[in-house]
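Working notes, beginning with the structure itself.
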Amino acid sequence: MLQNSYIAWEGNSLIDGSPIALILTGFVFPSFNKKTGSQMIQSWILQQEFVPTHAAKLGLDTGICGNCPLKMSEIGSCYVNLLPINNIYRKYKSGGYPKLCNNEIEVLRRYSYPIRLGSYGDPTAVPLKVWEPLISASEKYTGYTHNWREANSLWKQYLMASVHSISESFEAQNQGWRTFRIIAPDTLLSDNEILCRHTEDERIQCETCLLCDGKSSKPNIADKVHGLNWKISNFLKYLESTSN
Ligand code: SF4
């Protein structure tokens, strides 16, 4: 019988070698994420040895987040709510998830479920060969990486480079990435960017928009910082400190 969640992979992080796991959720129950949409399969990249909130607080999350400046142990503005991810982690550690098999990959193919590559954690921590059967079965995906300076360049075809300034955008675009720039609410877009479609019109969701799917002739994307007020405030302070 089809389960809602599966372990897609366990192994050593390509970022720092620590043991990590990739969990997929959403095969049975819809996601309540208003931005990505209810049909999208979500993927969670977790450190195997630490509860997510603990790892984030103490900076034990390099294996899944790399050197992302938004980490809670850095500027503290990662928009991901870690409490539900603690529950996924605990169920994983208690042996509550089966391993993903070809049957579930066929479900992805048959129903063309879109997949979010890295709902939490940087997709490039997991070998591309683990993702490729999922990507090719679904054919619809979105994904982002803060690890674009170090990641295998083959990732450019699937992921957006997450950036936080115009100069970073140009650097990544010059290396062949499409970019996703997080901006302050009053920041102007550059000529080759459009605003995230969901921010423009909340009826549009990632599962049908799919603009954030890596290298193509589509425009680069920018989105206004969002999340809890204190996280937004930390992000704005970070932007200010990096503009000096
Ligand atoms: S531009 Fe589209 S795919 Fe990208 S984050 Fe916004 S709604 Fe999702």
Put +1 on the Cβ of every Lys and Arg and -1 on every Asp and Glu Cβ in the chain; which of 11, 64, 239 then has its Cα farthest towards the positive end of the dipole?
11
Tell me the mean residue ellipticity at 222 nm calculated for the chain from its helices only (DSSP H runs of n ≥ 4, each -39500 (n - 2.57), averaged over every residue, nearest 500).
-8500 deg cm²/dmol
Apply 1/(1 + (r/R0)^6) to the Cβ-Cβ distance of residue 166 and residue 1, taking R0 = 35 Å, and write down the FRET efficiency to the nearest 0.05.
0.10
Please state the charge dipole magnitude for the chain, taken about the Cα centre, from unit charges on C-beta atoms (+1 on K and R, -1 on D and E), reported in debye and rounded to the nearest 20.
500 debye
Of 71/224; 93/237; 93/224; 99/218, pairs whose Cα-Cα distance is over 28 Å
93/237; 93/224; 99/218
Nearest-0.05 FRET efficiency for residue 186 and residue 149 at R0 = 41 Å, using Cβ-Cβ distance, is 0.90
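Quick one: net charge of residue 141's neighbours, Cβ under 12 Å, K/R +1, D/E -1?
That works out to -2.
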15 Å beta-carbon shell around residue 239, net charge (K/R +1, D/E -1)
-1
Expressed in angstrom and ordered largest first, the alpha-carbon extents of the range 35-75 along the principal axes are 33, 23, 15
Magnitude of the Cβ-charge dipole of the range 117-244, K/R +1 and D/E -1, about the Cα centre, nearest 20 debye?
200 debye
Please give the contour-minus-distance gain from residue 81 to residue 210: 0.36 nm per residue of separation, less the Cα-Cα distance, rounded to one decimal in nm.
44.2 nm
Share of pairwise Cα separations in the chain, more than 29 Å, in percent:
24 percent
Give, to the nearest whole percent, the P(r) tail of the range 1-136 beyond 26 angstrom, counting all Cα pairs.
18 percent
Spatial separation of Cα centroids for the range 37-58 and the range 150-217, in angstrom
22 Å
Calculate, axis by axis, the spread of Cα positions in the range 115-244 along the three principal axes, and write the results as whole Å, longest axis first.
42, 35, 29
If we count every other residue with Cβ under 9 angstrom of residue 206's Cβ, Lys/Arg +1 and Asp/Glu -1, where does the sum land?
+2
If you build a Gaussian network model of the chain, linking Cα atoms that sit under 10 Å apart, which residue out of 67, 174, 234 swings the most?
174
Kindly write out, for the range 55-66 in residue order, the coupling ³J(HN,Hα) from the Karplus curve 6.51 cos²θ - 1.76 cosθ + 1.60 (θ = phi - 60°), rounded to whole Hz, with x marking Gly and Pro.
4, 5, 5, 9, x, 9, 10, 4, x, 10, 10, x
Taking the reciprocal of mean 1/r across every pair of different Cα atoms in the range 183-229, the Kirkwood radius in Å is 11.7 Å
For the Cα atoms of the chain, what angle does the longest principal axis make with the long axis of helix 82-93, in degrees from 0 to 90, nearest 10?
30 degrees
Using the alpha-carbon atoms, what tilt in degrees (0 to 90, nearest 10) does helix 229-243 show relative to the longest principal axis of the chain?
50 degrees
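Where a number appears in this text, it was derived from the coordinates with a stated rule and is not lab data. Keep in mind that this is a model prediction, so the values were computed, not measured. Glycine also receives a Cβ, built like all others from the backbone with ideal geometry; neighbour counts cover every protein chain displayed.
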